[in-house]
Every structure is written in C-alpha cells, then in structure tokens.
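Trainee: Dumping the structure here so I can ask a few things about it.
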Amino acid sequence: MTQHHPADDLLLGLAAGNLTSGVAVLTASHVETCAHCRDRLQVLEAAGGALLENLAPETLSPDALARTMAAIDAPQRAPAATQTEGRLPRPPEGMQWPRALSDCVATPWRWLGPGMRWSRVTLPADPAAKLFLLRIGAGRKLAMHTHAGMELTQVLYGRFHDGRDHFAAGDFDETDDTVHHQPEVPASGECICLAYVGGKVVFQGVLARTLGAIMGM
C-alpha cells in the first residue's frame with residue numbers, strides 16, 4: 001500500500017493546471033497508481049469547478065467554436081501503452097512506464113556507477129526541465145547529497161530507504177535543502193525511480209559532484 005503522497009499544494013496545482021511541466025509529470029505519475037490521491041484530486045477539481053460557476057461570464061473569441069470542432073475532429077492518439085515504445089529505455093519485465101511520460105523521449109540507460117544507470121527524460125513542453133529515470137541495482141546506494149531547490153521522486157519499481165523512511169513502488173517523496181540523505185536499495189532487488197530536480201543536487205565528494213554535473217543534476 002502506498003504510504004507517501006504529494007502534498008495538497010501539488011494536487012491543487014495539478015487540478016488547476018498551473019504546475020510547471022516537470023512537477024506536473026511527477027505528480028500525475030503518482031496519481032495514476034494511487035486511488036487515494038485520485039479521490040483527493042477529484043475533490044479539488046470539483047471545488048475548482050464550483051468556483052468557476054460563480055465567475056462572471058466572459059465573451060469567447062469569434063473562432064472559438066471552429067477551434068473546438070477542429071480539436072474534436074483531430075486524429076486520436078494511439079493508446080498510451082504503445083506511445084513509449086522505442087522512445088523510453090526498456091523497463092524490467094512486467095513493468096510499464098507511467099502514462100504521464102507518453103509524450104516524452106529519453107536517452108538509453110547510461111552508466112552512473114557499478115550497478116547503477118540513469119536516463120535523461122525530455123518533456124516536449126519544457127525541454128530544459130531536469131527530469132531523470134534512475135535505475136539502482138540491488139544493494140547499491142547513491143552518494144550522500146542534499147538539494148539546492150525542490151527534488152521530487154516517484155518510485156516506479158522496487159524500493160529504497162534513505163535513513164528517514166522506506167519508500168516502495170507507488171510512493172512519492174519531496175525534498176529540499178533541509179534534507180541530507182543517501183538513498184539505498186535493499187539486496188532483495190533493484191529500484192527504478194522518476195525524479196525531478198528543481199535546482200541542483202548537491203553531492204558530497206568530488207567524484208559524485210563530477211558525475212552529477214555530467215548528468216545535468
């Protein structure tokens with residue numbers, strides 16, 4: 001069962017459509033697999049709809065109907081399950097990438113360290129967003145670090161612990177410069193996470209800082 005969820009401000013921002021692209025993708029990836037947060041999101045969307053009903057009406061642009069009909073008539077996208085084929089690195093057997101990544105492209109898995117790989121994800125709406133896939137092998141751990149800005153992590157597969165708590169598939173984590181941690185994967189199996197870095201990851205150690213700079217973290 002999912003134990004860690006996005007804060008209400010992230011779900012409210014997702015409902016209102018005013019999150020930055022990277023933050024929206026991380027939050028939406030969590031909501032896809034979390035019934036609890038889907039229910040919370042529906043409540044927030046309903047509240048937003050009620051507020052809209054009380055706003056004064058606005059005059060539509062002259063071509064509003066034509067643009068709406070054109071959008072309705074536009075070819076439908078392929079199912080999300082097939083959209084990521086060839087555009088995201090291969091996941092483990094039995095795992096699928098979140099639908100929130102269906103418009104994204106990513107690099108193949110790249111070496112990060114013994115038993116560790118990473119992939120840079122590109123968002124069409126915001127190519128500069130720092131979005132990454134991390135694949136950490138059983139018994140491996142990242143370097144100790146903190147953050148110059150927000151870092152969001154959605155666990156997609158497996159589990160890890162970082163001295164604060166345990167995080168398993170479906171869990172969401174938000175950290176900032178108040179957190180110093182070292183995510184470690186248990187010997188029972190590898191872990192894959194989707195991560196968004198709002199500022200920089202501040203690694204301890206020259207080698208870790210160098211690798212972080214190469215990755216764009």
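Trainee: Using a 10 angstrom cutoff on alpha carbons, build the Gaussian network for the chain and name the most mobile of Leu133, Leu60, Leu123.
Mentor: Largest GNM mean-square fluctuation: Leu60.
Trainee: Through the Karplus equation 6.51 cos²θ - 1.76 cosθ + 1.60, θ set to phi - 60°, convert the phi angles of region 106-116 into ³J(HN,Hα) values in whole Hz; use x for Gly and Pro.
Mentor: Each residue's phi maps through the Karplus curve to give 8, 6, x, 4, 10, 5, 10, x, x, x, 10 Hz.
Trainee: Let me ask something else about it. For region 86-189, what is the charge dipole size about the Cα centre, in debye to the nearest 20, if Lys and Arg each add +1 at the Cβ and Asp and Glu each add -1 at the Cβ?
Mentor: Numbers: 12 positive and 12 negative charges, 126 e Å.
About 600 debye.
Trainee: Ignoring the sites themselves, what is the longest stretch of the chain with no GluC sites (Glu not before Pro) in a DSSP loop and at most 13 other beta-carbon atoms within 10 Å?
Mentor: The reported range is 94-217.
Trainee: Binning every alpha carbon pair distance of the chain at 5 Å from zero, what are the percents per bin?
Mentor: 1, 6, 12, 17, 18, 16, 11, 6, 4, 3, 2, 1, 0
Trainee: Note down the magnitude of the dipole of the chain about its Cα centre, charges +1 on Lys and Arg C-beta and -1 on Asp and Glu C-beta and zero elsewhere, to the nearest 20 debye.
Mentor: Using only the charged Cβ atoms, the result is roughly 1020 debye.
Trainee: Moving to a separate point now. Looking at the chain, which Cys residues are left with no other cysteine's beta carbon under 4.7 Å from theirs?
Mentor: Flagged as lacking a Cys partner: Cys104, Cys191, Cys193.
Trainee: Then there is this: Using amide H atoms built in the peptide plane, which far-off residues or other-chain residues are under 5 Å from Lys200 H to H?
Mentor: Ala148, Gly149
Trainee: Explain nothing, just compute: Karplus ³J(HN,Hα) = 6.51 cos²θ - 1.76 cosθ + 1.60, θ = phi - 60°, for every residue of region 96-102 in order, whole Hz, x for Gly and Pro.
Mentor: 10, 6, x, 4, 4, 9, 5
Trainee: Step through the residues of region 22-32 one at a time and calculate ³J(HN,Hα) from phi using the Karplus curve (6.51 cos²θ - 1.76 cosθ + 1.60, θ = phi - 60°), rounding each to whole Hz and writing x for Gly and Pro.
Mentor: Here the 3J(HN,Hα) series is x, 5, 4, 5, 5, 5, 5, 4, 5, 4, 4 Hz.
Trainee: Right, something else. Given H placed 1.01 Å from N in the peptide plane, which residues other than close sequence neighbours of Asp171 have an amide H under 5 Å from its amide H?
Mentor: Val155
Trainee: Amide H to amide H under 5 Å from Lys130: which residues, 5+ apart in sequence or cross-chain, H placed 1.01 Å off N in plane?
Mentor: HN-HN under 5 Å from Lys130: Val197.
Trainee: Then there is this: Evaluate the distance, in nm, between pseudo-label points positioned 7 Å from the Cα of Glu93 and of His166 along their respective Cα→Cβ axes.
Mentor: Each label point is offset 7 Å from its Cα along the Cβ direction, giving 2.6 nm.
Trainee: Expressed as a fraction of 2.2 N^0.38 Å, the rule-of-thumb size for a compact globular protein of N residues, what is the C-alpha radius of gyration of region 161-217?
Mentor: It is 1.21.
Trainee: While we're here: Scan the chain and report its longest stretch carrying no trypsin sites (Lys or Arg not before Pro) that are both in a DSSP loop and have at most 13 other Cβ atoms within 10 Å.
Mentor: The longest such stretch corresponds to 78-163.
Trainee: Expressed as a rounded percentage, what relative contact order does the chain have, with Cα pairs under 8 Å and six or more residues apart?
Mentor: It rounds to 21 percent for the chain.
Rule-based calculations on the coordinates, nothing more; no lab input. Just so you know, these numbers come straight off a predicted model, no measurement behind them. Every residue, glycine among them, receives a Cβ derived from its backbone with ideal geometry; neighbour counts consider all protein chains shown.
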